[in-house]
1. Of all residues in the range A:1-14, which are away from DNA strand C (no atom under 12 Å from the Cβ) and modelled with pLDDT of 90 or more?
2. So, in the range A:32-57, how many residues would count as being open to solvent by 60 Å² or more (accessible area, probe 1.4 Å) and more than 12 Å from DNA strand C (Cβ to nearest atom)?
3. Given the conditions (1) touching a residue at least 60 places away in the same chain (Cβ under 8 Å); (2) more than 11 Å from chain B (Cβ to nearest Cβ); (3) in contact with a strand residue (DSSP E or B) (Cβ under 9 Å, 6 or more places away or on another chain); (4) not β-branched (Val, Ile, Thr), which single one is not true for A:Arg121?
4. Is there a residue in the range A:146-159 that is assigned by TED's automatic domain parsing to the domain that holds A:Met289, over 30 Å from A:Ala18 (Cα atoms) and either open to solvent by less than 80 Å² (accessible area, probe 1.4 Å) or not β-branched (Val, Ile, Thr) (or both)?
5. Taking A:Glu21 and the conditions (1) touching a residue at least 12 places away in the same chain (Cβ under 8 Å); (2) more than 12 Å from chain B (Cβ to nearest Cβ); (3) away from DNA strand D (no atom under 15 Å from the Cβ), which numbered condition does it fall short on, given that it satisfies the others?
6. Those residues that are of a type in the set (A, V, I, L, M) and modelled with pLDDT of 90 or more, I need them from the range A:119-147; list them, please.
7. Here is a check on your reading of the model: is B:Arg76 at pLDDT below 90, open to solvent by 50 Å² or more (accessible area, probe 1.4 Å) and either among the charged types (D, E, K, R) or at negative phi (or both)?
Protein chains: 2
Amino acid sequence: MDQNLSNLDWSLIRAFLAVAEEGSLSGAARRLRASQPTLGRQVKAIEDALSAKLFARHARGLALTDMGEAILPAARMMAAAMNEIRLTAAQQETEVTGTVRITSSVNVSHALLPRVLAEARRTYPGIQLELVPNDDSENLLYGESDIAVRMYRPTQNDLVTKFVGDFEIGLYGAKRYLDKKGRPSNIDEIMALDLVGYDADERIIAGLARYGLTVDRLAFMTRCDEPLTQWQLIREGCGVGFAPCIVGDADPLVERIPLPVDVPGLPMWLTTSKAMRHTPRIRAIWEIMSRELA
Amino acid sequence: MDQNLSNLDWSLIRAFLAVAEEGSLSGAARRLRASQPTLGRQVKAIEDALSAKLFARHARGLALTDMGEAILPAARMMAAAMNEIRLTAAQQETEVTGTVRITSSVNVSHALLPRVLAEARRTYPGIQLELVPNDDSENLLYGESDIAVRMYRPTQNDLVTKFVGDFEIGLYGAKRYLDKKGRPSNIDEIMALDLVGYDADERIIAGLARYGLTVDRLAFMTRCDEPLTQWQLIREGCGVGFAPCIVGDADPLVERIPLPVDVPGLPMWLTTSKAMRHTPRIRAIWEIMSRELA
DNA sequence: TCTGATCCATTCATTTATGAATATTCAGTC
DNA sequence: GACTGAATATTCATAAATGAATGGATCAGA
């Protein structure tokens, strides 16, 4: 309302940028960990202040107008400067304290990281840890997290990556279920079983396709997007599905189903930004994760 | 407290920059039109988020630490980007509407601008005007105001200036006062009168010094920093003092005291930033001020 | 045409930030 | 050494921003 060109809150530009890049208020809200109404109001505040429409409201989200496109480069420059501030501040740190934010897939977070992070906590009690189990890939460059475990090698320029090992995946079924349905001895018998899974298995499906096993979404008789719940479904006998070997092999309720083709493990790449690489707290956690995940 | 490196409010950087440049919380508060406690809290919030001291608290204000110096360039870059956004937005304007913010000295604001701005309002009813009477020189480049009337020619690079005329100044005294004390006929008699004035007369004093008339602060028997109140003091007979001729000549209570030397008028320079020069609303007000002040 | 999903706008109770007033600190000056 | 002036901290009542819940609109797919 009484927002004026001269005293436009800088943080509104952050909101603008998030909405522009995500393409929706809801998406931007998720990225900034705010709510959708908040982002909506902030966008309106910027538009009032600049007295120009920056977005065209669309049913599927918000699209930039010419005016929005015009200020986008400067907004990006602000984000870059802000990031510069963060990096500068981090580089001046000398103590092994602070918070390290780690992103990784839900499965890795659940199956591998707890042990690793417990070790990290014991070694560096001064470092607070934040674990974000998330199957999408957040952007490390904007400081949204410090270290990521990725199942592919990131190619961006300002990142450093290190291969730490394979994340073994196997096909499992509940003993009770297999007792009833019979243990499959060839590929056709496997395909005849009830499959449990969904989106998160995309990479596995892609891998299988390379060996001539085509599976589409409808092949899954039980579908669940949440990997941990999916695993419970398998354990209780809804059908068979893929899971980390480290989880499956340790569970007395299930057993591994031998596959005719050799499904390779998913490569795990430890990732951080070059600029943060040498800050004490990041380096400390990096070393532990690198050693313990190997 | 729970402020984290990754979700540091961008507007806090604006606060940091203002405090760094002004050298005090109070100064920064004035610049940003906020309060001193607010700035204090915001600075603390940044320091918490970066977990580093950015300022050394001093009795005379806050001085940057090494850490603060380190992030200053990036903060300036953010400010530049923010300014870029403002300029881009302004340049896309096509309508003669919006707000124009004008800065000028208290005397000029009081004596000349009301008539000029009234004319502007009549001509462009869609433009809202904001007048900031202020004897210090605010920075036009950071968008704190759009047009300034300066008593000197600004030399900064990205500004455009135009000489619009002289602001005539004369020495005045209340008739009642002069009846009692007698009308001075030479410089010594003038100096024997009670002088009313203070800081704001600096430029006049400097001008007089060039003619061999040295006056120091203690020569003013009645002192007041507020030019308008100062004028009331003169009108009521506290003594004689300098005032704009346009005010003094129109007031029946006072009369002008002829000076043996010719005190030149103060040159008035209309100033705006190059980038804003061609936006419709600025151009419109500029033209009117340029014509009416001549 | 209908259904499900996704997104934006609005409302209202709650949390958070703000500023006026006041106390406190500190360097410079007589 | 006390005083002055200009600054920073603190307190508390008020104003502003936030988010959960809800309603409404639009598009994709059956």
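1. Of everything in the range A:1-14, those that are away from DNA strand C (no atom under 12 Å from the Cβ) and modelled with pLDDT of 90 or more turn out to be A:Leu12, A:Ile13, A:Arg14.
2. Selection size over the range A:32-57: 3.
3. (1)
4. Looking for residues that are assigned by TED's automatic domain parsing to the domain that holds A:Met289, over 30 Å from A:Ala18 (Cα atoms) and either open to solvent by less than 80 Å² (accessible area, probe 1.4 Å) or not β-branched (Val, Ile, Thr) (or both), one finds none in the range A:146-159, hence no.
5. That leaves (1) as the condition not met.
6. Restricting attention to the range A:119-147, the residues satisfying the condition of being of a type in the set (A, V, I, L, M) are A:120, A:127, A:129, A:131-132, A:140-141, A:147.
Scanning the range A:119-147 gives A:Ala120, A:Ile147.
7. On the way: at pLDDT below 90: no; open to solvent by 50 Å² or more (accessible area, probe 1.4 Å): yes; either among the charged types (D, E, K, R) or at negative phi (or both): yes.
In short, no.
For (1) within 11 Å of another protein chain (Cβ to nearest Cβ); (2) of a type in the set (Lys, Arg); (3) within 30 Å of A:Ser51 (Cβ to Cβ), each residue gets a yes or a no:
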position	(1), (2), (3)
B:Asp9	yes, no, yes
B:Leu64	no, no, no
B:Glu69	yes, no, no
B:Leu72	yes, no, no
B:Ala80	yes, no, yes
B:Val100	yes, no, yes
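The values are calculated or read from the model by the stated rules, or taken from the named source; none is laboratory data. Model, not experiment: these values are computed from the prediction. Here Cβ is always computed from backbone atoms with ideal geometry, including for glycine, and neighbour counts include all displayed protein chains. Quick note on the areas: whole protein, heavy atoms, side chains included, nothing else; ligands and nucleic acids left out. Shrake-Rupley method; radii C 1.70, N 1.55, O 1.52, S 1.80 Å.
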